[in-house]
Amino acid sequence: MKKTLPLAILTAAVSLAGQSALAHPVGQATPGYVGDSRGMLVTDSSGNCVRTSSWAPALATEACDASLVKKAAPAPAPAKAEPAPAPKPAPQPVAEKVSLTAGALFDVNKADLKPAGKSELDALAAKLKGAQVEQITVTGHTDSSGSKQLNQSLSERRADAVKAYLVSKGLDGSRIDAKGAGDTQPVASNKTADGRAQNRRVEIDIRAQRTTSN
């Protein structure tokens with residue numbers, strides 16, 4: 001017994017020393033890897049974790065086999081915000097005054113529109129298409145020939161005829177005011193034929209808003 005006792009002690013010491021060399025505090029043992037009595041991972045002399053016989057790549061951990069661990073896909077870049085649409089341009093106010101000679105619109109002392117007069121008004125209606133009409137004022141005028149009463153009546157009937165035609169072309173009649181001024185607002189002398197021709201007219205005042213593109 002005295003001869004075998006030192007050998008047993010030596011064997012135990014070697015065994016414990018070997019066990020201590022293999023256990024390193026690299027982390028808690030997980031499935032697929034050998035752990036010591038404390039539950040810590042056991043590594044070999046090269047510092048690699050010791051795998052169990054049941055180890056598989058799916059059990060790889062960052063602490064032991066980082067190259068085998070599937071990296072999480074990077075988060076997608078945030079979607080680029082679409083720029084806000086440019087605001088629509090604000091409607092631009094339009095003020096226009098159109099003066100049409102009575103000779104182009106009507107026969108002498110008549111209030112029925114001639115074909116040439118209708119063409120003039122067709123062009124005006126087309127120009128106003130798409131505009132937000134606020135108000136249209138149609139005013140008939142005559143020269144000083146004839147009585148005041150006759151001139152007033154004729155100027156009113158001609159203004160009404162122009163309004164009716166514009167309404168037939170799609171303009172809102174509630175926004176059109178027709179009136180006659182007779183011979184009270186001449187723009188030229190009534191002493192000459194040319195002056196009287198200028199005074200026989202229909203004036204159309206337009207207030208509207210039109211959307212313009214940039």
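Since every read-out is calculated from the coordinates, none of them should be taken as a lab result. Predicted model only: the values in this text are computed from it and were never measured. All Cβ positions, even for glycine, are placed from backbone atoms using ideal geometry, and neighbour counts span all protein chains on display.
What the table shows:
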| read-out | value |
| --- | --- |
| Derived scalar couplings ³J(HN,Hα) [the stretch 104-111; Karplus, 6.51 cos²θ - 1.76 cosθ + 1.60; whole Hz; x for Gly, Pro] | 7, 9, 9, 6, 4, 6, 10, 10 |
| Extreme residue, positive dipole direction of the stretch 129-214, given options SER144, GLN185, GLN132 (C-beta unit charges) | GLN132 |
| Within straight-line cross-link reach of LYS71, aspartates and glutamates at Cα separation under 17 Å, skipping those fewer than 8 residues along the same chain | GLU62 |
| Flagged links, alpha-carbon separation over 20 Å, of LYS118/LYS169; LYS110/LYS169; LYS114/LYS148; LYS127/LYS179; LYS110/LYS191; LYS88/LYS169 | LYS110/LYS169; LYS114/LYS148; LYS127/LYS179; LYS110/LYS191; LYS88/LYS169 |
| Rounded FRET efficiency, nearest 0.05, which uses the C-beta distance separating ALA73 from ASP44 and R0 of 22 Å | 0.10 |
| Exposure proxy order (Cβ contacts within 10 Å, fewest to most) of ILE206, ILE136 | ILE206, ILE136 |
| Point-to-point label distance, ALA193-ARG207, nm (Cα→Cβ direction, 7 Å offset) | 4.1 nm |
| Extension gain from LYS80 to LYS97, taking 0.36 nm per residue of separation minus the Cα-Cα distance | 1.1 nm |
| Simple label model, 7 Å out from Cα along Cβ direction - ASP160 to SER37, nm | 12.2 nm |
